[in-house]
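The values are calculated or read from the model by the stated rules, or taken from the named source; none is laboratory data. If you're wondering where the values come from, they're calculated on a predicted model, not measured in any experiment. Cβ sites come from the backbone with ideal geometry, for glycine too, and all protein chains shown count toward neighbours.
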Amino acid sequence: MDKPTSTSTQGRLRLERYLRTFAGIVIGVFLLWRVYNVIVLQQNFGADTWVRFGLSGLILGGMYALIAIGYTLVYGIMFMINFAHGEVMMLGAFGGFFTFEALRFIPAPTLSNPEYNFLNAHPFISVLLAFLVGISISAMAGYFLEKIAYRPLRRAPRLILLITAIGASIFLQNLAMLLFGPQRKNVVNPDILDRGAGWIVNVSGNDVLISYTGIFSLVLSTLLMIGLYILVQRTKLGRAMRAVALDKNTASLMGVDVDNVISKTFIISGALAGAAGVMWGIHMGLVNHYTGFLPGIKAFTAAVMGGIGNIPGAMLGGMLLGVIEAIGPAALGIDFQLKDVIAFSILVLVLIVRPSGILGEKLSEEKL
Amino acid sequence: MMLKVESLQVFYGAIHALQGISFHLEKGEIVALIGANGAGKSTVLNTVSGILRPREGAVAFEDQEIHEVPPQEIVRRGVIQVPEGRKIFSRMTVTENLEMGAYTHTDRAEIARDMESVFERFSRLRERRNQLGGTLSGGEQQMLAIGRGLMAHPTLLLLDEPSMGLSPILVEQIFDIIQDINEQGTSILLVEQNAQMALAIADRAYVLETGKIVMQGTGDDLLKDPSVIEAYLGGH
Ligand SMILES: Nc1ncnc2c1ncn2[C@@H]1O[C@H](COP(=O)(O)OP(=O)(O)O)[C@@H](O)[C@H]1O
Ligand SMILES: [Mg+2]
């Protein structure tokens, strides 16, 4: 009885894998053909446009990557998708926004400019403060989210955790709307981070603006990713996090306080999302209670694309998704409003062609 | 008394895995716990380590009750388990695995010295120090598991089937190492299905059957006991 079923299961699996590869090749060839048509044959856009798109993709990708790391860390340690993670990012964005608002109303007159406020008199301190506040709020949100909503369900089936996470997401969104109102708020940056300002670079005869806020975000997100990588690979806490992700019982036999490490994982995930939130406010200029929703699910897409549970995968996935989303509509010759559709089509594609993600191990098949 | 286990009752849901187990271990002893697969040996060790909570009964280490103490605190007190199936952190290097063993220690110089002495005992591990744990052979993994346990400076070492799945030569080696560790002052609670070897090195032993202790005595006595020979030593 046992043998034939298992061989026919294997046969089905192999067939499925061929079908997947086949579908991947067909879709890949079609996309390449389409891109070739648009870029090489039609030549609607010059090199300057591609540079502009690519750059904004990298900037966006950096923020996606920071958020995606949070999904991947939490998945690695608890095997759950923390669907409230986007809202954690949104709270950070509000933290940055309110810090700027508060500092804008603190007068800091100078002799030459008696109207000066703190935000512009001390822009570096202001930006630093905004990040400190945003990161702290998101880190705390992550900490309490785990402690209040997820910890009591540690032994519950995973579906229940998932539903709880979705509930927490809705709760936080509505809480933010209640507290701060539904209208979108303009984030007023210090003058030196004016969103229209930047370096002008000449690409094939056209000027391309490389905005200060964009470069600032890209540099900061890169630094944070390097920092996180060092934390996970080189520090004692990082080792403990990896050990807990691999095997909780054995980790506790080493003397690791598993609950404590899980808390810290949520704090770190929250902090990175908070940083992304503040960047979002500074670079995009608008925040409201809905700010975390789309970046949240896109970062989730990025984490799945890179291989959920895999940290470099989340970074790569985030960057790739940002660039694909920015370049995609133009490269495929479709409407720019379809950029969100591209992101989610990618999720579906990845799930069909390589469910374990780009850098993920083939867990899903082994577990069948 | 180093370890005292009294009337321990442990359940997995409705499964009554330990049905009133009592035994003890004096400082410096090797005590063996033998029994067939599913007898409850690992359950005993996991309860001592604090991973499982008893419904009834008590566990005392150095005259202090520990059955409600969290596992990480039990490790700090010097009770270290080398779990069944080695449980090496597969995606971590040999060095990182050893560092995990020293997790409760903070003195970097001391950790480095301890690692050096593990490498002296198991030179194979030194050669493979930067290899991922999951790529080691079974014997190497068992050495790493024991080395990782030693990194914590155990007062009491709990070994769960260290000979499982190893070739006879490796089994000999591992048991020599266990004796050597014991001679250097570490008390050992040894769980084994390989009763022959375990009884040969144990000062005293307990025989476990479906959650109950059915026999006890010195290692030598049990080795000569007809019913033990019948049930656990291949009946010659
Ligand atoms: N996680 C578990 N869930 C349910 N039952 C278990 C679990 N672990 C062990 N058992 C049961 O408890 C009994 C004792 O198991 P164990 O302590 O692992 O035995 P041993 O180590 O002597 O082979 C067995 O009947 C086993 O099936
Ligand atoms: Mg066992």
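Tabulated data
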| read-out | value |
| --- | --- |
| Scan of the stretch A:286-306 for residues that are crowded, with 24+ Cβ neighbours inside 10 Å, hydrophobic (A, V, I, L, M, F, W, C) and in a helix (DSSP H, G or I), ordered by number | A:Ala299, A:Phe300, A:Ala302, A:Ala303, A:Val304, A:Met305 |
| Counted residues, the stretch B:1-21 - those being more than 16 Å from ligand 2 (Cβ to nearest atom) and either part of a strand (DSSP E or B) or surrounded by 23 or more Cβ atoms within 10 Å (Cβ to Cβ) (or both) | 10 |
| Pairs where the first residue, in the stretch B:208-236, is farther than 26 Å from B:Glu26 by Cβ and in contact (Cβ under 8 Å) with a residue 12 or more places away in the chain and the second is away from ligand 2 (no atom under 16 Å from the Cβ) and assigned to a strand (DSSP E or B), C-beta under 9 Å, 6+ apart | B:Thr210/B:Gln19 |
| Qualifying residue in the stretch B:122-134 (condition: more than 28 Å from B:Pro168 (Cβ to Cβ) and surrounded by fewer than 17 Cβ atoms within 10 Å (Cβ to Cβ)) | yes |
| Helices (runs of 4 or more DSSP H) (entirely within the stretch B:22-119) containing at least 3 residues that are more than 8 Å from chain A (Cβ to nearest Cβ) and at pLDDT 95 or above | B:41-48, B:94-101 |
| B:Gly165 being within 16 Å of ligand 1 (Cβ to nearest atom), away from every other protein chain (no Cβ under 14 Å), surrounded by fewer than 20 Cβ atoms within 10 Å (Cβ to Cβ) and in contact (Cβ under 8 Å) with a residue 24 or more places away in the chain | yes |
| Conditions (1) crowded, with 23+ Cβ neighbours inside 10 Å; (2) without any contact (Cβ under 8 Å) to a residue 40 or more places away in the chain; (3) within 14 Å of chain A (Cβ to nearest Cβ); number of the one not met by B:Leu159 | (2) |
| Leading residue by the ranking (nearest to ligand 2 (Cβ to nearest atom)) among those in the stretch B:40-75 that are of a type in the set (Gly, Ala, Ser) and out of contact with any Lys or Arg (no Cβ under 9 Å at 6 or more places or on another chain) | B:Ser42 |
| Of the criteria (1) outside any strand (DSSP E or B); (2) touching a residue at least 24 places away in the same chain (Cβ under 8 Å); (3) more than 14 Å from chain B (Cβ to nearest Cβ), which one A:Leu179 fails | (2) |
| Options B:Ile146, B:Ile181, B:Ile177: the member that is under 30 Å from B:Ala39 (Cβ atoms), of a type in the set (Val, Ile, Thr) and touching a strand residue (DSSP E or B) at 6+ places or on another chain (Cβ under 6 Å) | B:Ile146 |
| Candidates B:Ala60, B:Ala102, B:Ala39, filtered to the one that is of a type in the set (A, V, I, L, M), away from ligand 1 (no atom under 16 Å from the Cβ) and farther than 19 Å from B:Ala152 by Cβ | B:Ala60 |
| Residue match in the stretch A:25-47 (condition: closer than 30 Å to A:Gly142 by Cα and in contact (Cβ under 8 Å) with a residue 60 or more places away in the chain) | no |
| Residue in the stretch A:247-254 that is of a type in the set (S, T, N, Q), within 25 Å of the chain's Cα centre (by Cα) and more than 24 Å from A:Phe144 (Cα to Cα) present | no |
| Neighbours by Cβ (under 7 Å, 6+ apart or cross-chain): first from the stretch B:39-53, closer than 11 Å to B:His67 by Cα and free of Cβ contacts under 8 Å to residues at least 60 places away in the same chain; second of a type in the set (Gly, Ala, Ser) and more than 8 Å from ligand 1 (Cβ to nearest atom) | B:Ile51/A:Ser252 |
| Single unsatisfied condition, A:Gly309 versus (1) under 16 Å from the mean Cα position of the chain (by Cα); (2) part of a helix (DSSP H, G or I); (3) closer than 30 Å to B:Glu73 by Cα | (2) |
| Residue in the stretch A:96-119 that is farther than 14 Å from A:Val188 by Cα and in a helix (DSSP H, G or I) present | no |
| Residue check for A:Ala314: crowded, with 24+ Cβ neighbours inside 10 Å and touching a His at 6+ places or on another chain (Cβ under 7 Å) | no |
